[in-house]
1. Given the structure, is Lys284 closer than 25 Å to Arg208 by Cβ and either charged (D, E, K, R) or at pLDDT below 90 (or both)?
2. Just for the stretch 30-43: of the residues that are over 20 Å from the mean Cα position of the chain (by Cα) and open to solvent by less than 40 Å² (accessible area, probe 1.4 Å), which one is farthest from Glu56 (Cα to Cα)?
3. If you go through the stretch 53-102, how many residues are more than 24 Å from Ser211 (Cα to Cα) and in contact with a Cys (Cβ under 8 Å, 6 or more places away or on another chain)?
4. Please verify whether the stretch 338-346 includes one or more residues that are assigned to a helix (DSSP H, G or I) and either at pLDDT 80 or above or touching a helix residue (DSSP H, G or I) at 6+ places or on another chain (Cβ under 9 Å) (or both).
5. Of everything in the stretch 264-280, what is open to solvent by 20 Å² or more (accessible area, probe 1.4 Å) and outside any loop (DSSP other than H, G, I, E, B)? Give them in sequence order.
6. Looking at the stretch 50-61, can you tell me whether even one residue there is farther than 27 Å from Thr127 by Cβ and surrounded by 19 or more Cβ atoms within 10 Å (Cβ to Cβ)?
7. Taking the condition more than 22 Å from the chain's Cα centre (by Cα), at pLDDT below 95, open to solvent by 40 Å² or more (accessible area, probe 1.4 Å) and not aliphatic (A, V, I, L, M), does Glu154 pass?
8. Tally the residues that are over 20 Å from Thr77 (Cβ atoms), outside any strand (DSSP E or B) and open to solvent by less than 10 Å² (accessible area, probe 1.4 Å), restricting the search to the stretch 164-194.
Amino acid sequence: MAVIPDEALTEYYERVRGKTVIITGAGASIGRATAILFASYGAKVVVADRNASSAEDTVSEIRSNEGEATSCRCDVTVWEDLVAMYDLAVQEFGSVDIVVANAGVGEIGGRMLDDFSKERPTKPLTTTIDVNLTGVLNTVYLAQHYLQLNRRQEDRTSRSSSLKAVVLVGSIASWTALTQAPMYTASKHAVLGIMRSLDASFASRGLRIASIHPFFAGMYRLSVWPTSIVPGIVRLQLAGIPLAPVPRIAGVIFYAASHPDPTCSGAAFWIPDGGAPTFIIPRKEFKPGVYEYIDSKSNAASKGLTGPRYYVRRIRTLTHLLWKELAVLCILAMFVGCSVSILTGHW
């Protein structure tokens, strides 16, 4: 894993000048810091947030520094809101170049860890999954269409160097099991899976995708106070621990979107606590460790997928599954053969 120093995070700022950036959940915290950072380098930013007032506050701050931005109310669990967000970007700025799927919530409801001494269990709330997983899936699904809109045909190939990127915001929970937040953990594991599974498809079309995975994010001075997404009990447990600074997280999102190196696509960026640097994990380095172990065991168990024995088993299985259809075909073949023999006088 290569180390990325803070001073390198905005190294390729020239690439974002004049580009249109959509950021969900940009009304506060990581999303707001990211929107302000992109705008400070000349990007045109669509600030989307479920809280319209917070989104407008972010826009006001950008404009006060002579940046260019517009806002919209967007609940990422509502398909129509997402479509309207993308349409606004095209209407206002003519294209979509970078999408940051940042909107997310913590563990809501907590019923996966309910008190099961009750007579009947209560259906768990799925808000966390709806926002953190379904919302991200729909954001990325639409991004694939709008990133290519108004784009030259010659740029829609793997050889393209034009900037068209999606950055997904994962978490420490993409790697680690948070025992008090099973739905949140599941959703953030899924974010990493979405990125890895779409990487090859994106690359073939001249698009890039990456994910960033911060430790608990800290606001306040010295990043000692967690962001609002962190539950109260967890905040107490994190007391005294240096958290991942929000400005650094925003910088890593900027780096993941703007760096011209193709190996940054399909990569995950791990942002530890405030005392450690950022690491990039390229696609080829996902194999070592447990992934390599699983892969080797899977390959060992799959040796029967080649060779004569494989084809014998395949024929046997297909015969078992399709014996009725095969029987009908045999009867039809015999009937056709007999008919031809009678007609040609060779019976």
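1. Values: closer than 25 Å to Arg208 by Cβ: yes; either charged (D, E, K, R) or at pLDDT below 90 (or both): yes.
Spelling it out, Lys284 is indeed closer than 25 Å to Arg208 by Cβ and either charged (D, E, K, R) or at pLDDT below 90 (or both).
2. Step one: list which residues in the stretch 30-43 are over 20 Å from the mean Cα position of the chain (by Cα), which gives 36-37, 39-43.
Add one more test, that the residue is open to solvent by less than 40 Å² (accessible area, probe 1.4 Å), and what stays is 37, 39, 42-43.
On the way: Leu37: 16, Ala39: 14, Gly42: 19, Ala43: 17 Å.
So, considering only residues that are over 20 Å from the mean Cα position of the chain (by Cα) and open to solvent by less than 40 Å² (accessible area, probe 1.4 Å), the one farthest from Glu56 (Cα to Cα) is Gly42.
3. 2
4. no
5. Here is the first cut: in the stretch 264-280, the residues open to solvent by 20 Å² or more (accessible area, probe 1.4 Å) are 270, 273-277, 279.
Correct list: Trp270, Phe279.
6. Step one: filter the stretch 50-61 for residues farther than 27 Å from Thr127 by Cβ, giving 60-61.
From what is left, the residues that are surrounded by 19 or more Cβ atoms within 10 Å (Cβ to Cβ) are none.
No, the stretch 50-61 contains no residue that is farther than 27 Å from Thr127 by Cβ and surrounded by 19 or more Cβ atoms within 10 Å (Cβ to Cβ).
7. yes
8. 2
The values are calculated or read from the model by the stated rules, or taken from the named source; none is laboratory data. Given the structure is predicted, the values throughout are model-derived calculations rather than measurements. Cβ coordinates were reconstructed from backbone atoms using ideal geometry, including for glycine residues, and neighbour counts include every protein chain displayed. Just the protein is used for accessible areas: all its heavy atoms, side chains included, with ligands, DNA and RNA removed. Shrake-Rupley method; radii C 1.70, N 1.55, O 1.52, S 1.80 Å.
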